[in-house]
Every structure is written in C-alpha cells, then in structure tokens.
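Please read the structure below before turning to the comments.
The values are calculated or read from the model by the stated rules, or taken from the named source; none is laboratory data. Because the structure is predicted, anything quoted here is derived from the model rather than measured. All Cβ positions, glycine included, derive from the backbone under ideal geometry; neighbour counts span all protein chains shown.
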Amino acid sequence: MNRWIKSVTALVATLACTAATPPGMDPDNPTCPAIPNWSDYKTMVLTPFQRSGETVLLAEGRVDSELPARLEKVLTDNPSISEIWIRSPGGDARAGNAAGLLIRKFSKERQMVTRIPSGWTCFSACNFVFMGGRARTIDPGGYFMVHMFTMTGDKNAIQSSVAMGAESTTELISDVEREAALMATEDNDLLIRLDVSRDLLSDIMYRQKTIATASDRSTRRCLTREEALRYNVVNIDPD
C-alpha cells in the first residue's frame with residue numbers, strides 16, 4: 001500500500017512539473033529553452049553580412065581563447081559594422097571578458113549594437129561578450145542565460161589530483177578557490193566598466209547552483225525582459 005502511494009505521489013509530482021513548464025522550455029531550468037539555439041561551432045565564427053544597407057556581424061559558437069584576436073581583426077577590417085548578433089554556449093571566461101572590452105573599445109569610435117536575436121541563446125562567457133556593446137538589446141524570444149561561475153570544469157585535473165592523494169587534492173581546491181575569487185573580482189570590475197549593475201552578480205548569477213540535486217535540478221537561469229532592463233544588461237527595449 002505504501003509503495004502504491006509513493007508511486008502515485010511521484011507520478012503526480014512529475015505531471016505537475018510537466019504541466020507547470022511551458023512548451024519548449026526546460027523542466028529543470030524552466031526560465032530557459034529546453035534546446036538552446038547557441039550554435040555547435042567549436043570556435044566562434046565571425047561572419048559580416050549586409051542587411052538593409054548596414055553591416056551586421058554574426059558571432060556564433062564557443063568562446064575560444066583566440067576569439068579576441070580574431071574579433072579585433074574583423075572589426076578593424078570592417079569599419080562599417082553597426083551591429084553584432086550573438087549566440088554561444090560560452091567557453092573561455094577570460095576570452096569572453098577580453099572580447100567584451102574590445103567591443104566597448106570599438107564602440108567609442110562608432111556606435112555598435114550587440115543583439116541577441118529571437119530564438120538565439122547567449123550563455124556563460126557569452127554574457128560578457130554581449131555586454132561589451134554600448135547599446136544592447138535582446139529581441140523577444142532571445143535568451144540571456146546565466147549560471148554560477150565555476151572553475152571545476154577540468155574533470156581530468158580533478159581526477160588526477162584525487163588519485164594522487166589528499167595533499168594534491170587540497171592544493172587543487174586552494175587553486176580553484178583562489179582562481180574563482182580572482183575571476184569574481186574581474187567580473188565585478190568589468191560590469192562597472194560596461195555600465196551594467198553589479199547586482200546582476202549577487203542577485204542572479206551567484207545565486208545559481210553549480211551542481212543539480214535530486215530535489216532541485218536547476219543550474220541555469222534566463223533573465224526576464226524586466227530583469228534585463230533593471231540590471232542594465234539591455235539599454236534598448238525592443239518594444
């Protein structure tokens with residue numbers, strides 16, 4: 001009898017979760033799409049194209065360590081670029097910060113808009129690339145997806161340290177904590193330089209979990225339009 005009650009309870013909970021999640025959204029991260037359209041390019045591809053007499057730069061794919069150098073060349077070689085459309089699953093955090101600062105540098109010479117078009121997703125390191133625009137907008141149906149910054153993504157390094165014993169693991173943890181603190185300071189400084197509210201870090205980004213649990217699997221968060229405006233992530237309302 002108890003087993004039957006538990007089974008029914010679990011089924012009801014599953015159905016309730018499914019019913020509460022809008023179609024096409026992720027049940028584990030209900031503010032975000034189930035299948036983010038952030039491109040599967042292994043390194044970010046930069047493609048200028050003409051649209052209504054203006055030059056738009058498509059920035060699609062993973063933020064890799066060489067992105068800042070490629071981006072600087074494209075922006076230098078194409079002085080007529082007026083908008084950058086971005087979709088990315090993130091990647092190298094410091095390269096993302098550097099690319100954001102580079103876009104801001106070029107925006108001093110010419111007004112450039114960074115945009116997340118409808119249906120596209122900008123995640124993790126991509127957030128800071130996007131925020132480099134002096135003018136920023138997210139189209140309805142575009143997603144600015146955030147998570148808690150973590151330095152534990154290198155599974156091989158973690159496994160090797162564990163295998164080498166407690167002392168090595170302790171050293172790794174110290175390195176991770178030190179690097180995470182440094183990265184948090186850099187992110188905070190960058191938001192100030194990009195005219196974005198630092199509260200975005202404390203109110204949204206740092207409140208996300210790094211690891212899903214059985215009771216709460218959410219590790220990602222997509223900003224609402226109101227939040228994007230409140231934290232000055234966007235300063236052009238598409239409506």
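Would you confirm whether or not region 57-76 contains a residue that is within 28 Å of GLU227 (Cβ to Cβ) and among the polar types (S, T, N, Q)? No; the residues of region 57-76 include none that is within 28 Å of GLU227 (Cβ to Cβ) and among the polar types (S, T, N, Q).
Just for region 127-143: of the residues that are among the hydrophobic types (A, V, I, L, M, F, W, C) and over 12 Å from the mean Cα position of the chain (by Cα), which one is surrounded by the most Cβ atoms within 10 Å (Cβ to Cβ)? Outline the logic, then answer.
Our first condition is that a residue be among the hydrophobic types (A, V, I, L, M, F, W, C); within region 127-143, this holds for 128-131, 135, 138.
With the extra rule that they be over 12 Å from the mean Cα position of the chain (by Cα), the set shrinks to 135, 138.
Details: ALA135: 15, ILE138: 26.
Among those that are among the hydrophobic types (A, V, I, L, M, F, W, C) and over 12 Å from the mean Cα position of the chain (by Cα), it is ILE138.
Of the strands (runs of 3 or more DSSP E) lying entirely inside region 58-143, the ones with 1 or more residues being farther than 21 Å from ARG193 by Cβ and not acidic (Asp, Glu) are found at 81-87, 121-123.
Within the bounds of region 150-169, is there any residue that is at pLDDT 80 or above, not aromatic (Phe, Trp, Tyr) and not in a strand (DSSP E or B)? The answer is no; no qualifying residue exists. For region 72-109, the candidate set comprises residues that are over 20 Å from SER52 (Cα atoms) and among the hydroxyl-bearing types (Ser, Thr, Tyr); within that set, the residue that is nearest to the chain's Cα centre (by Cα) is SER88.
Restricting ASP92, ASP64, ASP77 to residues that are over 16 Å from MET145 (Cβ atoms) and in contact with a Gly (Cβ under 7 Å, 6 or more places away or on another chain) narrows the list to ASP64.
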